[in-house]
Amino acid sequence: MLEQSSDSCSSKVHNKDEIRCYKLPPVIVTAKRWKWILDASPISGEIVDIREVERTSDLGGIIKTMVNADVVCYGGEGSSQILSLRGASPEQTLFLVDGSQINTAQGGSVDLSQWPISWIDRIEIYRAGGSVEMGAQAIGGVVNIVTKKDKETHKYLSLRIGSQTLFDVSAFWGSKLFNDAFYFSAGAQGKQGGGDFWFVDENHDTVRQRENADYKTIGVMTKIGYDFGDNNLELNLRLRDCDRGSPGFSEFPTPNARLNDQICRVQGKFAYNRGFLRSESRMYANWLNRSYYNPHPIIYADDTHENFAIGIEEKGHLLWTPFFKSSVGIELRKDRLISTTDGERERKKIGTFFQNEILAGNKKNRYVLLLPGIRVEWVDEFQPEICPGLGIVYTLVREFLTLKASTERTFRPPTFDDLFWPASAMAVGNPDLLPEKARNFDLGIIVYPLSNQIRTTFTGFHRDVTNLIEWVPGAKGIWRPHNVGKARVRGIETELSSSFHVSKILLEIVSNYTYTKAEDLTGERNRVGKQLVRRPMYKANLQVYTSFKKYQLSTTWNYVGIRYTTSANTKWIPEYVVGNCNMLYQLNKNVNLSVGVKNIMGKRYIDITNFPIPGRTFNINMSFDF
């Protein structure tokens with residue numbers, strides 16, 4: 001099975017016996033985009049190497065094309081982008097960077113717009129099967145962002161301009177030092193734009209301007225490492241400051257409100273490999289300071305929220321035989337919040353896991369991989385949670401037909417906002433909340449009908465959730481969170497990938513379709529059996545890429561079905577189809593020029609009520625790679 005660490009998807013092996021246990025089936029490999037597939041693992045997910053993805057793409061746009069990944073955009077370039085997986089809420093998705101959690105204890109969700117493409121090496125998305133090792137709070141799934149680690153001398157510069165006065169400059173430099181033992185990489189990005197755009201107000205059938213949507217972002221990152229033998233020592237630092245307007249609801253705009261995020265993340269890692277033992281130690285510190293200021297006399301606000309988290313993780317992997325491996329780990333984490341709304345809060349967490357990998361096979365390339373495991377977590381103020389998991393892979397014909405299944409128990413404690421939101425005329429928190437709990441089931445089949453040229457997958461999933469936390473209106477219309485919810489989320493995911501060469505032309509087609517029935521089972525007559533709010537039942541994506549000599553053309557099309565906005569399913573956001581396109585010309589081996597178009601058809605659509613999205617936008621990008 002693939003290791004699920006920050007370097008988990010490496011094909012590196014350390015001896016001949018290990019190759020027998022960890023060799024993966026072939027994957028589709030193309031000139032500009034290639035995906036690592038977790039076919040040899042019980043985990044349901046996919047991994048995209050975005051070093052080769054078009055430079056004009058944003059992180060949310062890339063993830064939105066992946067299977068059953070729903071990205072909600074709150075506006076145009078520079079606005080928040082929030083992810084949910086498989087009909088879960090954004091807070092139920094566990095986010096990692098280089099293997100360490102970045103979700104805050106205050107809100108839980110993560111803004112994808114805060115991560116520039118130029119800093120990222122690959123994106124790993126695990127929709128099921130990875131919670132035992134990576135974290136029990138992954139009710140919806142796990143996203144791991146792996147930052148660049150360039151061990152070769154490499155320089156990169158990108159300049160991008162576009163609609164709404166977009167100006168974006170990114171640079172990256174990687175180098176080797178002292179007989180290739182040391183490596184160093186650094187990146188920087190500056191991005192700004194006016195952000196304002198015209199939109200059609202459906203409530204009043206008028207054309208209006210979305211104001212106060214400007215943004216200005218600057219960030220730097222660096223990574224320093226030292227390799228000695230099979231061992232590695234590494235230090236990462238990421239700094240980012242983002243200042244932007246907060247335009248508010250289109251129905252109730254806030255033309256003078258400002259939102260500022262300051263982020264600092266430091267992580268150290270030591271990887272030790274010797275014989276049958278492989279271990280990895282991590283220490284990290286995350287700091288996020290968010291301030292919001294709205295001078296409006298009626299809804300005046302001047303709030304700051306300082307989130308600080310420190311953590312220590314230790315994982316060990318013991319390869320007893322080529323067919324039997326054990327993994328064990330422990331995690332210690334402390335979150336601290338100083339907030340003008342939630343007050344001063346602290347939360348401590350201890351998690352530990354144990355997992356075995358058992359492989360059985362024969363000479364006809366049939367094999368079975370079992371992955372039993374258990375995780376125990378202690379979170380302040382709550383009872384310890386025991387979360388078992390089991391995965392199985394059965395390969396009937398290697399490189400042709402594979403069956404896989406997994407089940408796991410997960411949970412998520414309420415956030416500080418859920419517990420301690422101060423009483424106001426509109427909302428109040430609930431300190432008596434209990435953690436959400438879920439049981440996930442996953443069953444899939446993978447077929448390569450024409451060797452590695454075509455790959456098809458069919459996956460069925462089922463999740464039962466109890467103690468679902470929902471904010472509901474009470475007396476005098478005051479919203480308050482309660483453990484009133486039960487939900488059943490089930491559905492089907494399909495994907496078809498193909499890659500062909502016709503003469504000198506490369507053609508790639510990747511398509512996926514998902515059906516997600518997210519049922520409300522709270523027992524109330526007008527809600528039972530209804531679709532959970534803001535969860536689309538139908539989603540589909542199509543990606544087409546072609547290249548010929550120095551020319552490349554890629555296009556993506558996203559279909560999102562209706563999203564209900566009321567528990568009784570009486571109101572909804574309309575379905576939509578949106579297409580994007582990128583055209584690239586290679587001026588020489590070091591310089592590329594590309595033109596991108598978002599929302600090709602100029603479609604009027606929204607992802608969330610009262611937050612319009614721009615129509616057709618353009619950008620031009622010139623990149624220099626040495």
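The values are calculated or read from the model by the stated rules, or taken from the named source; none is laboratory data. Since we're looking at a predicted model, the values are computed, not measured. No Cβ is skipped: glycine too gets one built from the backbone with ideal geometry, and neighbour counts run over all protein chains shown. Side chains are part of the model used for accessible areas, which takes the heavy atoms of the whole protein and leaves out ligands, DNA and RNA. Shrake-Rupley method; radii C 1.70, N 1.55, O 1.52, S 1.80 Å.
Based on Cβ point charges of +1 for Lys and Arg and -1 for Asp and Glu, what charge dipole magnitude is obtained for the range 131-170 about its Cα centre, in debye rounded to the nearest 20?
With only Lys, Arg, Asp and Glu charged at Cβ, the dipole is about 160 debye.
Can you send over the solvent-accessible area of residue 532, 1.4 Å probe, protein chains only, in Å² to the nearest 10?
That residue has around 10 Å² of solvent-accessible surface.
Please compute the length gained on full extension between residue 380 and residue 314, using 0.36 nm multiplied by the number of residues separating them and subtracting their Cα-Cα distance.
Extending this stretch completely gives an extra 21.7 nm.
Given a 1.4 angstrom probe, I'd like the percentage of the accessible area of the chain that is carbon and sulfur, rounded to a whole number.
Result for the chain: 61 percent of the exposed heavy-atom area is carbon or sulfur.
Run the paramagnetic zone check for residue 198: 7 angstrom along Cα to Cβ, then residues of the range 592-620 with backbone nitrogen under 20 Å.
598-606, 611-619
Suppose we take every Cα in the range 110-199 and form the convex hull; what volume per residue is that in Å³?
Residue-normalised Cα hull volume stands at 135 Å³.
Hey, for a label at residue 211 modelled as a point 7 Å past Cα toward Cβ, could you say which residues of the range 236-252 have their backbone N under 15 Å away?
Those under the cut-off are 245-252.
Sort 84-95, 108-119 by the packing proxy (mean of other Cβ within 10 Å over each peptide's residues), most packed first.
Result, highest mean Cβ count within 10 Å first: 84-95, 108-119.
How long is the gain from residue 266 to residue 300 if the chain were fully straight, where each residue apart is worth 0.36 nm and the alpha carbon distance is subtracted?
Between residue 266 and residue 300, full extension yields 8.8 nm more.
Give me the net charge for the shell around residue 240: Cβ to Cβ below 10 angstrom, other residues only, Lys and Arg +1, Asp and Glu -1.
Cβ neighbours under 10 Å give a net charge of 0.
Quick one: net charge of residue 346's neighbours, Cβ under 12 Å, K/R +1, D/E -1?
Its environment carries a net charge of +2.
If 527, 409 are ordered by their accessible area, calculated over protein heavy atoms with a 1.4 Å probe, which sequence runs from highest to lowest?
Order by accessible area, largest first: 409, 527.
Considering only protein heavy atoms, with the full assembly of protein chains and a 1.4 angstrom probe, order 589, 64 by accessible area, largest first.
589, 64
Considering the alpha-carbon set of the range 81-129 alone, what are its Rg and its Dmax in angstrom?
Using the Cα atoms of the range 81-129, the pair Rg, Dmax is 11.1, 29 Å.
Give 64/517; 64/315; 315/348; 349/437 a once-over and call out the pairs whose C-alpha atoms are over 25 Å from each other.
Table pairs above 25 Å Cα-Cα are 64/315.
For the charge dipole of the chain, defined by +1 on Lys and Arg C-beta atoms and -1 on Asp and Glu C-beta atoms about the Cα centroid, which residue among 194, 312, 141 has the Cα displaced farthest towards the positive pole?
Final value for the positive-end residue is 141.
At 1.4 Å probe radius, can you tell me the per residue accessible area of the chain in Å²?
Here the per-residue accessible area is 44 Å².
Quick check for you: which residues of the range 509-533 have the amide N under 20 Å from the point 7 Å beyond the Cα of residue 484 toward its beta carbon?
Residues 518-533 qualify, since their backbone N sits under 20 Å from the label point.
So what is the relative contact order of the chain, in percent, for Cα pairs below 8 Å that sit 6 or more residues apart?
Averaging sequence separation for qualifying contacts and normalising by length gives 11 percent for the chain.
With the Cα gyration tensor of the range 240-290 in hand, give its eigenvalues times 5 under a square root as the equivalent ellipsoid semi-axes, listed largest first in whole angstrom.
Its equivalent ellipsoid spans semi-axes of 44, 11, 6 Å.
Can you compute 3J(HN,Hα) from phi for each residue in the range 209-222, using the Karplus curve 6.51 cos²θ - 1.76 cosθ + 1.60 with θ = phi - 60°, rounded to whole Hz and x for Gly and Pro?
Along the range 209-222, the couplings run 9, 7, 9, 6, 10, 6, 7, 8, 10, 9, x, 9, 9, 8 Hz.
If the chain between residue 181 and residue 466 were fully stretched, how many nm would it gain, using 0.36 nm times the residue separation less the Cα-Cα distance?
Contour length minus Cα-Cα distance gives 97.5 nm.
Convert 4 °C to kelvin, take the viscosity as 1.567 mPa s, use the Kirkwood radius over C-alpha pairs of the range 428-545 as Rh, and evaluate the Stokes-Einstein diffusion coefficient in µm²/s, rounded to a whole number.
After rounding, the answer is 74 µm²/s.
Please get the size of the charge dipole for the range 510-626, origin at its Cα centre, with Cβ charges of +1 on Lys and Arg and -1 on Asp and Glu, quoted in debye to the nearest 20.
140 debye
I'd like the accessible area for residue 403: 1.4 Å probe, protein heavy atoms, all chains in place, Å² to the nearest 10.
Answer for residue 403: close to 70 Å² accessible.
Where does each of 302, 98 land when they are ordered by accessible area, with a 1.4 Å probe and the largest first?
Solvent-accessible surface, decreasing: 302, 98.
Using 1/(1 + (r/R0)^6) with R0 = 51 angstrom and r between the beta carbons of residue 256 and residue 624, what's the FRET efficiency to the nearest 0.05?
That gives a FRET efficiency of 0.80.
Using a 1.4 Å probe on the protein heavy atoms only, what accessible surface does residue 564 show? Give it in Å² to the nearest 10.
Residue 564 has an accessible surface of roughly 50 Å² with all protein chains in place.
Normalised by the number of residues in the range 116-265, what is the relative contact order in percent for Cα pairs under 8 Å and 6+ residues apart?
Over the range 116-265, the number comes to 15 percent.
Convex hull over the alpha-carbon atoms of the chain: what's its volume per residue in Å³?
146 Å³
Modelling each spin label as a point 7 Å along the Cα-to-Cβ direction, I'd like the residue 492/residue 277 distance in nm, to one decimal.
Inter-label distance under the simple model: 5.0 nm.
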